[in-house]
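Derivation of every value follows stated rules applied to the coordinates shown; laboratory data play no part. From a predicted model like this one, the values you see are computed outputs, not experimental measurements.
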Amino acid sequence: MSPSSVFLHPMLVHFPIVLLTTLAFADHAAVLSGDNLGNRSCLPTVAMWLAVSAGIASVIAFANGVLAYDMAVLDGSAGLNGGLHRDLAMVTAGLASLWAVMRGWLWSRNVALPRMWNILVAGASLGLAILVLVTALRGHALVLLHGVNVLPRAG
């Protein structure tokens, strides 16, 4: 474990936050414009690449976050809030990577989805965006309110 992983984590987490939020907007824009998320037109293709990129970025941010969490445990600053943030990040990374595989498969099949399925896909993307934002807020609180991996521990 290196201290650089602690400083790298805040930079890495912005990628899945932005990508998953943008994915939700792209999916909703496609559905509202009448596009089909199962085909290979422009917006569904952009959304697929956003999903795949978000899945990869989420796993990388989570792996680096585990190292940062271990550092916080070693210096005694992780507490229960750190464990909750880690668990939320694990769920987020798992669901985002599963969503990346599903969206890549859906795009590769080039199958027109019924309207209700398009709405469900966009809704699931919105759910992932909300999950990553909740996870980010937990991490934000760890740093700003508790000084995890920022402030030296008195001891």
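Just a few scattered comments:
- Counting all C-alpha pairs of the stretch 3-144, share separated by more than 23 Å (%): 36
- Remark: the stretch 19-88 projects, on average over all directions, an area of 5.4 nm² (convex hull of Cα atoms).
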